[in-house]
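Note sheet for the following structure.
The values are calculated or read from the model by the stated rules, or taken from the named source; none is laboratory data. Quick caveat: nothing in here was measured; it's all calculated off a predicted structure. All Cβ positions, even for glycine, are placed from backbone atoms using ideal geometry, and neighbour counts span all protein chains on display. Protein only, heavy atoms only, side chains kept; ligands, DNA and RNA dropped before computing areas. Shrake-Rupley method; radii C 1.70, N 1.55, O 1.52, S 1.80 Å.
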Amino acid sequence: MQVQIMDHPLIQHKVTLMRMKETGSKDFRELLEEITMLMGYEITRDLTLEDVAIETPITKMTGKQISGKKLGIVPVLRAGLGMVQGMLNLIPTAKVGHVGLYRDPETLKPVEYYCKLPDVEDRDFIIVDPMLATGGSASAAITLLKERGIKHIKLMCLVAAPAGIDVINTDHPDVKIFVAALDEKLDEHGYIVPGLGDAGDRIFGTK
Ligand code: URA
């Protein structure tokens, strides 16, 4: 199973708070943003740097800056929206695309209903979706991006089920998966166990 579990103590602590059923939407959203930043710090470790000539108040020096690498953040609607601001806090120049998918009630396959992406030329993409459950929508989102010519894609989730990881590893072995927690299983309704419930409902206060 190819997945990087980001189990820094701060992340584990915050995920536990998010799992608790008494945690309300405001705290849930804030925790998700904080965890996204902590994960994003590590996920962006391979960003390339270039030299830049600067002057401190004392002297001239050569500093480092992120080179012109273009990044795209793509939340899978709707719960993925909860991870956008955390990534933008780290990389304010990143462009944000959106992918919307629904599950066809007959075929049970994900169907695209919305896809708007920034220009894809020379841009690396990070797909964000808090819950990697069956893996169906994440896999479809990756396929959508690949169909538009995107080559470098990472998938960033908060909580995953083993089945979801397996689907992505099988369908898209080139896509690296980053999660904060790997849970036990899916229940008969496709919810992650123990999980945290419906992430979209908890972010937006719906039922
Ligand atoms: N989507 C969610 O929001 N929660 C789950 O447990 C599974 C899918």
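Show me, for segment 82-88, the HN-Hα J-couplings you get by feeding each phi into the Karplus relation (A = 6.51, B = -1.76, C = 1.60, θ = phi - 60°), rounded to Hz, glycine and proline as x.
x, 10, 6, 5, x, 6, 5
Give me the accessible area of residue 198, 1.4 Å probe, in Å² rounded to the nearest 10.
That residue has around 50 Å² of solvent-accessible surface.
Given a 1.4 Å probe, how much area per residue of segment 62-207 is accessible, in Å²?
Numbers: 6960 Å² over 146 residues.
That works out to 48 Å² for each residue.
If you wrap a convex hull around the alpha carbons of segment 48-116, what volume per residue comes out, as a whole number of Å³?
Values: hull volume 6.5 nm³, N = 69.
Residue-normalised Cα hull volume stands at 94 Å³.
State the Cα centre-to-centre distance between segment 64-109 and segment 136-207 in whole Å.
13 Å
Please report the projected area of the chain's Cα convex hull averaged over all directions, in nm².
Average projection, Cα convex hull of the chain: 13.3 nm².
Please list, in chain and number order, the residues 5+ apart from residue 115 or on another chain whose amide H is under 5 Å from its amide H, with Hs placed from the backbone.
Long-range HN contacts for residue 115: 100.
Could you compute how much accessible surface residue 16 exposes when probed at 1.4 Å, giving the result in Å² to the nearest 10?
About 80 Å², ignoring ligands and nucleic acids.
Just from the alpha-carbon atoms, what are the Rg and Dmax of segment 142-191 in angstroms?
According to the Cα coordinates of segment 142-191, Rg and Dmax are 12.1, 36 Å.
At 222 nm, what helix-only mean residue ellipticity would the chain give, in deg cm²/dmol to the nearest 500, using -39500 (n - 2.57) for each DSSP H run of four or more?
Working: 6 runs with 65 residues, N = 207.
Per the formula, -9500 deg cm²/dmol.
Using θ = phi - 60° and the Karplus form 6.51 cos²θ - 1.76 cosθ + 1.60, what ³J(HN,Hα) does each residue of segment 107-119 get, whole Hz, x for Gly and Pro?
Residue by residue, segment 107-119 yields 8, 6, 9, x, 10, 6, 10, 7, 8, 9, 10, x, 4 Hz.
Going by alpha carbons, how many degrees (0 to 90, nearest 10) lie between the helix axis of 136-147 and the longest principal axis of the chain?
40 degrees
May I ask for the angle, rounded to the nearest 10°, between helix 9-19 and the longest principal axis of the chain, with both axes built from Cα atoms and the value confined to 0 to 90°?
Helix 9-19 sits roughly 40 degrees off the main axis of the chain.
Quick one: what are the phi-derived ³J(HN,Hα) couplings along segment 161-174, Karplus 6.51/-1.76/1.60 with θ = phi - 60°, whole Hz, x for glycine and proline?
9, x, 4, x, 4, 4, 4, 5, 4, 6, 6, 9, x, 7
Quick one: dipole size for segment 15-160, taken about the Cα centre, charges +1 on Lys/Arg Cβ and -1 on Asp/Glu Cβ, in debye to the nearest 20. Show your work: numbers first, answer last.
On the way: 19 positive and 19 negative charges, 29 e Å.
I would put it at about 140 debye.
Taking amide H positions as placed in the peptide plane 1.01 Å from N, state which residues far from residue 4 in sequence (5 or more) or on other chains have amide H under 5 Å from it.
The answer is 177, 178, 179.
Return the long-range amide H neighbours of residue 154 (sequence gap of 5 or more, or a different chain), with a cut-off of under 5 Å between placed amide H atoms.
HN-HN under 5 Å from residue 154: 125, 126, 127.
State, to one decimal in nm², a quarter of the convex hull surface area for the C-alpha atoms of segment 1-69, i.e. the direction-averaged projected area. Let's see the in-between values first.
Numbers: hull surface 32.5 nm².
Answer in nm², one decimal: 8.1.
Which of 138, 193, 74 sits closest to the plus end of the dipole of the chain, meaning its Cα is farthest towards the positive end, when Lys and Arg get +1 and Asp and Glu get -1 on the C-beta?
Projecting each Cα onto the dipole axis, the largest value belongs to 74.
Mind checking the dipole of segment 84-207: about its Cα centre, +1 per Lys or Arg Cβ, -1 per Asp or Glu Cβ, Debye to the nearest 20? Before the final figure, lay out each step's value.
Numbers: 13 positive and 18 negative charges, 72 e Å.
Taking the Cα centre of segment 84-207 as origin, the dipole is about 340 debye.
What's the ranking of 80-91, 96-107 by average number of surrounding C-beta atoms within 10 Å, highest first? Walk me through the intermediate numbers first.
On the way: 80-91: 20.2, 96-107: 14.7.
Ranking, from highest mean packing down: 80-91, 96-107.
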